[in-house]
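The values are calculated or read from the model by the stated rules, or taken from the named source; none is laboratory data. On a predicted model such as this, the values are computed, not experimentally measured, just so you know. Here the Cβ positions follow ideal geometry from the backbone for every residue, glycine too, while neighbour counts run over all protein chains shown. Ligands, DNA and RNA are stripped out before the accessible areas are found, and what is left, the full protein with its side chains, is counted by its heavy atoms. Shrake-Rupley method; radii C 1.70, N 1.55, O 1.52, S 1.80 Å.
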Amino acid sequence: RLYDAHNHLQDERLRAHRGEILRALEREGVERMVVNGSCESDWAGVLELANLSARVVPSFGYHPWYVRERTADWLEKLKGYLDQVPSAVGEIGLDRWIKDPDVPDQEEVFVAQLRLAAERNLPVSIHCLRAWGRMFELLRSEPRPACGFLLHSYGGPVEMVAPLASLGAYFSFPGYYLHERKVRQRESFRSVPADRLLLETDAPDQPLPAELIRYPLADDEQGKPVNHPANIGVIYE
């Protein structure tokens, strides 16, 4: 009984392979997977998958990469999707790694979604790159869902694991961290309490090392390798 804490099955790179992917997930024994929306334009795709497969736990949120694209009524639209089906909030977060990040906008959108998750006590999936100090400040000062929150593909310092766990954090480990060069990230996960450790694919992104890939897959448009959600079994192993 396997669980994928974070993926993007709605991504266009996986659409043509959807039937095969769902069959492979069944063969692998994947019980549930959290499928995360990233912006208004893909929330409908997440809802479609939730209606198609009982394995899908839908999650709707605004990723920090796309906050400039939001419409004036984005928050009401988000609430509308959350009202339609049992779901989570995410992927949301802060990202100072991208070129010219709009930090004030990112924080405004992140806090609005975190407060919504806390108000409804919905789990929230959080993305963070090069903003761990500020992320910790916001998580400490803002309302948080009592059920906890997920730090997806946690890449923060090992020293922050315990303080974040005390706030209700869970930490998910992606197959991408099995690459030899990701020594620091693997070491951080040795400090994660066992009851706070989750695993994820982040499919179609963050592919495993080539020698570990059980389910090879390529993007039909560009022919580039993409991560197959059924590779979650390899990550568990």
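Take the residues in the range 164-183 that are without any contact (Cβ under 8 Å) to a residue 24 or more places away in the chain and more than 19 Å from TYR236 (Cα to Cα), then tell me which one is most open to solvent (accessible area, probe 1.4 Å).
As a first pass, look at the range 164-183 and keep what is without any contact (Cβ under 8 Å) to a residue 24 or more places away in the chain: 166, 181-183.
Then keep just the ones that are more than 19 Å from TYR236 (Cα to Cα); that gives 166, 181.
Values: SER166: 92, ARG181: 156 Å².
Step by step, filter the range 164-183, then rank; the result is ARG181.
When the residues of the range 48-72 are narrowed to those that are open to solvent by 30 Å² or more (accessible area, probe 1.4 Å) and of a type in the set (Ser, Thr, Tyr), which ends up nearest to GLN222 (Cα to Cα)? Even if it seems obvious, please write down each step before you answer.
Taking the range 48-72 as the starting set, the residues that turn out to be open to solvent by 30 Å² or more (accessible area, probe 1.4 Å) are 48, 51-52, 54-55, 57, 65-66, 68-72.
Okay, now just the ones that are also of a type in the set (Ser, Thr, Tyr), so 66, 71.
Numbers: TYR66: 23, THR71: 30 Å.
By that ranking, first place goes to TYR66.
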Note to self: Please go through (1) out of contact with any Lys or Arg (no Cβ under 7 Å at 6 or more places or on another chain); (2) in contact (Cβ under 8 Å) with a residue 24 or more places away in the chain; (3) open to solvent by 20 Å² or more (accessible area, probe 1.4 Å) for VAL161 and return the number of the only condition it doesn't satisfy.
What the structure shows: (3)
Next item on the list: Filter the range 22-34 for residues that are more than 25 Å from PHE171 (Cα to Cα) and in contact (Cβ under 8 Å) with a residue 40 or more places away in the chain and give the result.
Entry: ALA24, ARG27
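Considering VAL161, VAL192, which residue is under 19 Å from ILE232 (Cβ atoms) and within 19 Å of the chain's Cα centre (by Cα)?
Working: VAL161 fails: under 19 Å from ILE232 (Cβ atoms).
Criteria check complete, one pass: VAL192.
Do we have ASP105 as open to solvent by 10 Å² or more (accessible area, probe 1.4 Å), more than 21 Å from ASP202 (Cβ to Cβ), in contact with a Lys or Arg (Cβ under 8 Å, 6 or more places away or on another chain) and among the charged types (D, E, K, R) here?
On the way: open to solvent by 10 Å² or more (accessible area, probe 1.4 Å): yes; more than 21 Å from ASP202 (Cβ to Cβ): yes; in contact with a Lys or Arg (Cβ under 8 Å, 6 or more places away or on another chain): yes; among the charged types (D, E, K, R): yes.
Yes, satisfied.
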Margin query: Out of the residues in the range 156-206 meeting the condition of being in contact with a helix residue (DSSP H, G or I) (Cβ under 8 Å, 6 or more places away or on another chain) and of a type in the set (S, T, N, Q), tell me which one is nearest to ASP219 (Cα to Cα).
Written below: GLN206
Margin query: Take GLU91 and tell me if it is among the charged types (D, E, K, R) and open to solvent by 20 Å² or more (accessible area, probe 1.4 Å).
Written below: no
Checklist line | Every residue from the range 114-152 that is of a type in the set (S, T, N, Q) and crowded, with 24+ Cβ neighbours inside 10 Å | finding: SER125
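Among what's in the range 194-237 and is closer than 30 Å to ALA169 by Cβ and free of Cβ contacts under 8 Å to residues at least 24 places away in the same chain, pick the residue that is surrounded by the most Cβ atoms within 10 Å (Cβ to Cβ).
Our first condition is that a residue be closer than 30 Å to ALA169 by Cβ; within the range 194-237, this holds for 194-209, 212-215, 226-237.
In the following step, the residues that additionally are free of Cβ contacts under 8 Å to residues at least 24 places away in the same chain were identified as 194-195, 213-214, 237.
On the way: ALA194: 5, ASP195: 7, ILE213: 16, ARG214: 14, GLU237: 7.
Per the criteria, the residue is ILE213.
Would you point out which residue out of GLY45, GLY37 is open to solvent by less than 30 Å² (accessible area, probe 1.4 Å), in contact (Cβ under 8 Å) with a residue 40 or more places away in the chain, under 18 Å from VAL85 (Cβ atoms) and not hydrophobic (A, V, I, L, M, F, W, C)?
Working: GLY45 fails: in contact (Cβ under 8 Å) with a residue 40 or more places away in the chain.
Checking each option against the conditions leaves just GLY37.
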